[in-house]
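Q: My questions will all concern the structure given below.
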Amino acid sequence: MKMDRLEIVLGDDVNNINSENFLSKVEKAQCKEKDKKELIKSFENRRIPYVRNSGKYGLNTSLKNMKDNIETLTKIIIESNISISENDLVEYKPTDDICSVCNINKTTKLDINLKERIDSKYNFLFRGAEKSGFKNNGTSSSAICFECEFFNLMCLFYISLKRPVAFAYTNNLKEMKFANYKIMLDRKLSNDKGFYKKLVQDNISSLKIYDFNIDTNKGIILNFNSIVDYKALLKSIELIDSVDKYIFSRESATMKRIAKTMIKNNALISLKELLLSNIIVIKEGNGTRDIDKFSTYNNINEYLYCLYIVYGKEANKLFKSNSIYSKAGSRMSVHMDETRRKNFVFKILQMLKTNDRDGILQTIMHTLAAYNVPIEKGFVEGIMKSEEIELNTNIGLFLQELMKEGKKNE
């Protein structure tokens, strides 16, 4: 029974319905008789979703039997969780077999309806996805405990109500609830940053991601997607954070979407080139175009941060060892007014985009000499003989200090 249909018929009263007052609420509703009859029929034929052929929870049993089975199963689960001693399942004939889903609980020979247990498709939500025993119609014999059966049924309700596009499976129920309610209902990775950061911080044991395939006859089939690589995941989230802070002069939403797709596909070299090509922010007004010093300064910071994330220890080493560029930028900034500073930064960044080392060195050395700013040993080599990442880092540190001091002076 779909919530949207109920909301149309019952309006605000939809939040006050339960199994006891449902029929009376529908009868009093201001709607077409046809709609009322459909809702009443649906209510009287209600069963556990996706297991319509089940002899315990589907249409192959009466509504009363289904309710009795669910109540009995729920009572067993509650007692097994609050009792100090092991729950007494004598009437269900306990066996020495261990549940093949949780690998913890012992199973029983008899099912919840006191008939001999026969595995069916609804017991194989996870094992079936990994093809560890699910054959043909799911009638292969294996051991399933009552707790896993209950959990499976609750999962079917969750799928039916929330319609998630994927499912996160962990070894802990609290973690599983957190994972699925906080993140798996979202479709975009960009919306998942907070969850994944929390995931890493809490050191969740393991996280398997499944995609859903809902088949009319077979029910729910979970297709294994991946196991989360926490380190790679955290790296991606940090990059997405940086992209969100990046300021693009044009088509900002499109450019950020492209950047996040690159992150998702691990195309980090392309990401670096995209950010560098858009590092300068131009503002327009009164028929003029000028560099936006604050936005460009922000982008230089985020670009350096992305280098740090992508190249890790290598970039960190460069940041610590190449302070000569930060010092030179800081010293030069006190001699330059806003207009000269902006023109200088624009020119250097344009040359950095094309890897014009000769032009970069010539422009920087000429300006340093004009203001009589000294440089330390290794300054020239760090521009002319360095790898691309080192060149980008060095120039980034130089311009970062140049613009930072400029901001302070203003």
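The values are calculated or read from the model by the stated rules, or taken from the named source; none is laboratory data. Because the structure is a prediction, the values reported are computed rather than measured. A quick note on method: Cβ atoms are made from the backbone with ideal geometry, for glycine too, and the neighbour counts reach across all protein chains shown. Areas reflect the complete protein model, heavy atoms only, side chains present, ligands, DNA and RNA absent. Shrake-Rupley method; radii C 1.70, N 1.55, O 1.52, S 1.80 Å.
Q: Of everything in segment 352-361 that's at pLDDT 90 or above and either in contact with an Asp or Glu (Cβ under 9 Å, 6 or more places away or on another chain) or more than 20 Å from K293 (Cα to Cα) (or both), which residue is surrounded by the fewest Cβ atoms within 10 Å (Cβ to Cβ)?
A: The qualifying residue surrounded by the fewest Cβ atoms within 10 Å (Cβ to Cβ) is D358.
Q: For the subset of segment 18-48 comprising residues that are touching a Lys or Arg at 6+ places or on another chain (Cβ under 9 Å) and open to solvent by less than 40 Å² (accessible area, probe 1.4 Å), which member is farthest from L73 (Cα to Cα)?
A: A29
Q: Which residue pairs have Cβ atoms closer than 6 Å, lie 6 or more positions apart in sequence or on different chains, and pair a first residue in segment 88-106 that is under 12 Å from E147 (Cβ atoms) and open to solvent by less than 100 Å² (accessible area, probe 1.4 Å) with a second residue that is in a strand (DSSP E or B) and at pLDDT 80 or above?
A: L89/T108; C99/T107
Q: Would you check if I263 is in contact with a strand residue (DSSP E or B) (Cβ under 7 Å, 6 or more places away or on another chain) and within 19 Å of I389 (Cα to Cα)?
A: no
Q: Let me ask another. If you scan segment 279-313, which residues turn out to be more than 16 Å from Q400 (Cα to Cα) and out of contact with any strand residue (DSSP E or B) (no Cβ under 7 Å at 6 or more places or on another chain)?
A: Hits for segment 279-313 are E284, G285, N286, G287, T288, I309, V310, Y311, G312, K313.
Q: Can you list residue pairs whose Cβ atoms sit under 9 Å apart, with the first residue in segment 35-60 being touching a residue at least 60 places away in the same chain (Cβ under 8 Å) and in a loop (DSSP other than H, G, I, E, B) and the second being open to solvent by 90 Å² or more (accessible area, probe 1.4 Å) and acidic (D, E)? Count only pairs 6 or more apart in sequence or on different chains.
A: Cβ pairs passing all conditions: none.
Q: If K245 passes every condition in (1) exposed (fewer than 14 other Cβ atoms within 10 Å of the Cβ); (2) free of Cβ contacts under 8 Å to residues at least 12 places away in the same chain but one, which one does it miss?
A: Exception for K245: condition (2).
Q: Let me ask another. Just give me the residues in segment 267-288 being exposed (fewer than 13 other Cβ atoms within 10 Å of the Cβ) and touching a residue at least 24 places away in the same chain (Cβ under 8 Å), in sequence order.
A: Quick first cut of segment 267-288, residues exposed (fewer than 13 other Cβ atoms within 10 Å of the Cβ) only: 269, 277, 284-288.
Once the filter is applied, which keeps residues that are exposed (fewer than 13 other Cβ atoms within 10 Å of the Cβ) and touching a residue at least 24 places away in the same chain (Cβ under 8 Å), segment 267-288 yields only S277.
Q: From the list I324, I364, pick out the single residue that is aliphatic (A, V, I, L, M) and either at pLDDT below 85 or under 23 Å from N298 (Cβ atoms) (or both). Steps first, please.
A: On the way: I324 fails: either at pLDDT below 85 or under 23 Å from N298 (Cβ atoms) (or both).
The match here is I364.
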